[in-house]
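So the structure is just underneath, and the comments pick up after that.
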Amino acid sequence: MSFLGRIREGLSRTKQQILERFDEVVRSADAPERRSRPVDVETLEALEEVLITADVGVGASDRIVDAVRGRSPNGTSLRDLVKREIRAMFDAVDRPAAVEHHPKVTLIVGVNGTGKTTTVGKLANLLKKEGAEPLICAADTFRAAAVEQLEIWANRAGVDMVRAREGADPAAVVFDAISSGKARKRDPILVDTAGRLHTRLNLMGELEKIRRVASREVPGAPHESLLVLDATVGQNGLHTGACVHGCRRRQRGGLDQVGRHGKGGIAVAIANDLKLPIRYVGVGEGIDDLVAFSAEEYVDGLFEEKW
């Protein structure tokens with residue numbers, strides 16, 4: 001199934017709860033008798049309510065509403081204006097630079113409970129299907145049973161994993177994984193890290209140590225940090241994710257997990273507020289339920305007139 005098809009399926013609840021109201025606002029604003037005059041206050045307020053309900057966020061919603069407010073009579077349709085503004089938010093985010101050194105080292109980061117471990121397994125599975133030979137590094141030695149959980153996902157994906165005993169130094173596990181990856185010619189190396197908040201100074205210091213060790217073993221490493229956010233918790237997830245992101249000096253990529261029950265608009269807030277590129281989207285619980293993100297198809301899936 002295509003990305004657009006998976007997004008349509010994953011956003012089915014959004015369509016029922018939100019898009020019908022959005023379509024109602026659009027039809028009213030784009031009616032022939034109303035296209036010849038500025039957008040009224042009632043329409044702007046209704047549009048803002050729809051966007052906030054969809055978890056687009058206050059900042060992105062304000063930007064979209066301002067663009068609609070400035071629409072010239074008989075100009076672009078309201079639907080196309082909204083889609084254009086959202087696309088512009090995604091386009092304004094810098095893309096990660098190409099990796100020149102190998103193996104590529106990718107850190108999977110985020111707060112507790114966002115699905116980092118399952119995402120590592122899904123990502124390894126996706127990359128393997130694309131022809132890569134990933135190696136999983138179990139660097140979350142802080143949470144009980146984290147290594148065992150990750151091992152289950154590694155087996156499902158059919159990829160190798162480097163692990164250590166519970167309570168071991170995560171940086172040492174990363175060192176072993178990079179050494180093993182070089183010897184076995186595995187690339188990329190996906191590092192599952194412990195969930196952490198910026199207030200846990202010991203864990204933040206641990207993450208910096210991981211970075212130092214990785215950079216000594218592979219020039220430029222870690223080459224990418226994927227921040228996992230759970231769309232089902234909406235703006236709360238964005239706030240806690242921002243705390244972790246704010247402590248990152250070299251955040252290269254964003255990874256958003258849009259579950260079947262998520263409202264879906266959180267991806268817009270990630271692009272507008274955190275300025276992070278969204279690399280992948282989770283659309284379910286299975287190992288194949290991770291797809292590469294397409295901004296154009298995402299916007300079509302979120303605000304398409306007819307599915």
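The values are calculated or read from the model by the stated rules, or taken from the named source; none is laboratory data. Small disclaimer: the values here were computed from a predicted structure and weren't measured. Neighbour counts are summed over all protein chains in view; Cβ atoms, including those assigned to glycine, are modelled from backbone coordinates with ideal geometry.
For the range 94-101, the condition holds for no residue, the condition being that it is touching a helix residue (DSSP H, G or I) at 6+ places or on another chain (Cβ under 7 Å) and more than 30 Å from Ser180 (Cα to Cα).
As for the range 262-278, it holds no residue that is at pLDDT below 85, within 22 Å of Val159 (Cβ to Cβ) and aliphatic (A, V, I, L, M). A count restricted to the range 137-153 and to residues that are farther than 18 Å from Ser179 by Cβ and outside any loop (DSSP other than H, G, I, E, B) stands at 8. The single condition from (1) surrounded by fewer than 16 Cβ atoms within 10 Å (Cβ to Cβ); (2) under 22 Å from Asn272 (Cβ atoms); (3) free of Cβ contacts under 8 Å to residues at least 24 places away in the same chain that Asp40 fails is (2).
Condition check ((1) at pLDDT below 85; (2) surrounded by 22 or more Cβ atoms within 10 Å (Cβ to Cβ)) across all residues:
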residue: Gln149; (1), (2): no, no
residue: Glu166; (1), (2): yes, no
residue: Asp169; (1), (2): no, no
residue: Lys182; (1), (2): no, no
residue: Asp192; (1), (2): no, yes
residue: Leu197; (1), (2): yes, no
residue: Ala214; (1), (2): no, yes
residue: Gly234; (1), (2): yes, no
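Every test in (1) modelled with pLDDT under 80; (2) surrounded by fewer than 18 Cβ atoms within 10 Å (Cβ to Cβ); (3) in contact with a strand residue (DSSP E or B) (Cβ under 9 Å, 6 or more places away or on another chain) is passed by Ala292 save one, and that test is (1). Determine whether the range 28-35 contains at least one residue that is of a type outside the set (Phe, Trp, Tyr) and assigned to a helix (DSSP H, G or I). Yes, the range 28-35 contains a residue that is of a type outside the set (Phe, Trp, Tyr) and assigned to a helix (DSSP H, G or I).
The set of residues in the range 86-109 being closer than 17 Å to Glu297 by Cβ and either assigned to a helix (DSSP H, G or I) or more than 19 Å from the chain's Cα centre (by Cα) (or both) consists of Ile86, Arg87, Ala88, Met89, Phe90, Asp91.
All of (1) in contact with a Pro (Cβ under 6 Å, 6 or more places away or on another chain); (2) at pLDDT 90 or above hold for Gly253 with one exception: (2). Please verify whether the range 56-70 includes one or more residues that are in a loop (DSSP other than H, G, I, E, B), among the small types (Gly, Ala, Ser), more than 17 Å from Arg21 (Cβ to Cβ) and modelled with pLDDT under 90. Yes, the range 56-70 contains a residue that is in a loop (DSSP other than H, G, I, E, B), among the small types (Gly, Ala, Ser), more than 17 Å from Arg21 (Cβ to Cβ) and modelled with pLDDT under 90.
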